[in-house]
1. Expressed as a whole number of Å, what is the distance separating the alpha-carbon centroids of region 171-224 and region 15-37?
2. Just need the relative contact order of region 4-254 here, percent rounded to a whole number, with Cα pairs under 8 Å and 6+ apart.
3. May I ask for the Kirkwood hydrodynamic radius of region 113-239, worked out over all distinct Cα pairs and given in angstroms to one decimal?
4. Quick check on packing: order 66-73, 240-247 by the mean number of other C-beta atoms within 10 Å, highest mean leading.
5. For residue 172 and residue 60, FRET efficiency with R0 = 22 Å and r from the beta-carbon atoms, rounded to 0.05?
6. Return a whole-number percent for the relative contact order of region 90-147, with Cα pairs under 8 Å and 6 or more residues apart as the contact set.
7. 7 Å from Cα along Cα→Cβ at both residue 34 and residue 201: what's the point-to-point distance in nm?
8. Rounded to the nearest 0.05, what FRET efficiency do residue 23 and residue 153 have when you use their Cβ-Cβ distance and R0 = 22 Å?
C-alpha cells in the first residue's frame, strides 16, 4: 500500500524513468527482446525493458556496453532452456549478450538480464536483505518500454527500492545526517557486498552525478517513519553478497548466451587484439577458453 511519501518519490523520479532513451538503446533493446522471445503484446512474454548503468548516467552509448533488464510476465522468463530457467529462479538474474549494428554500420553491444516482474518487485523490498537489486535500481534508471498494465507496478518497485536504500542509510548514519553522508555511506556499504572492486570514490561520484535527485529524495523520506530493520546485518550482507557473486559467475559459464562474443570484445577493447572465433568456440566457450588463453599468454597479451 502506498502512502504520501511513496507518491512524492514517484512524482520526483517519473520524468527520469520515462525520458526517451537514445536510438542506439532502442535498437539494442529491440534485438534483446527478439532473442528473449518477444513482447507479451506480440505473443511473447516480455512486459518491460529497463536501461541503467554508466551509459545511462553519461547519456552516451559510443563503444560502451549498454546495461539492460528485460522483465517477463508472471508466467516466467521465455526463451530459456530448462536448466537456465531453474538457475534463474534460484540465483537471478540470467545475463546474456547481444550486439547489432546501427544505421552507420557501427557495432552496438549490450548485456541484458532476464527475470520476471514478480521477481524484480520482490527484490526491492527490505525483506530482501542483499542489496544487489535494490541498491542498483534506487539509482537513476530509464524505462525503454513497458506494457500499459505493468507501468504502475513497475514504478512502485522503483519507489520501494529507493525507500529500502534510504531506510538502510538512515539506520547506518543516524536520523540527522546530511544527504551526502547518508547516501555515500550506504552506497559504500553496498559496494562492499560484491566481488568486484570499485574505486574508493565511486560512491561519491554516484552521489555528485545525481546530487539534486538524491537530496530531493532525502528531503521527502527523512520525514517518513523508518521501517524496522529486517534482512540481516551488513556483515551478513557482505558474506551473502560475495557468495552470490561467485554463484552468478559459475552460473554465467552455463547460461550466458553470447558469452564468447562478449569475451572477445572485452579482450579487443583492453588489448587491441581481435579474436576471430569459430562457430565451435562460440558454442563451447568453456572448452575453448583454455587454448585461447594459452595463445594470448604465449603472445604476451595477458599474464
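Only the coordinates and a few stated rules stand behind these numbers; no lab work does. Because the structure is predicted, anything quoted here is derived from the model rather than measured. Positions of Cβ are backbone-derived with ideal geometry, glycine not excepted, and every protein chain shown enters the neighbour counts.
1. When both Cα centres are located, 28 Å separates them.
2. Details: 369 pairs, mean separation 54.5, N = 251.
Here the relative contact order equals 22 percent.
3. Numbers: mean 1/r = 0.0660 Å⁻¹.
By the Kirkwood definition, the hydrodynamic radius is 15.1 Å.
4. Values: 66-73: 24.8, 240-247: 15.5.
Result, highest mean first: 66-73, 240-247.
5. Values: r = 33 Å, r/R0 = 1.50.
The pair residue 60/residue 172 has a calculated efficiency of 0.10.
6. Numbers: 40 pairs, mean separation 13.5, N = 58.
It comes to 23 percent, rounded to a whole number.
7. Placing both labels 7 Å along Cα→Cβ, they lie 4.3 nm apart.
8. Working: r = 27 Å, r/R0 = 1.25.
Here the calculated transfer efficiency is 0.20.
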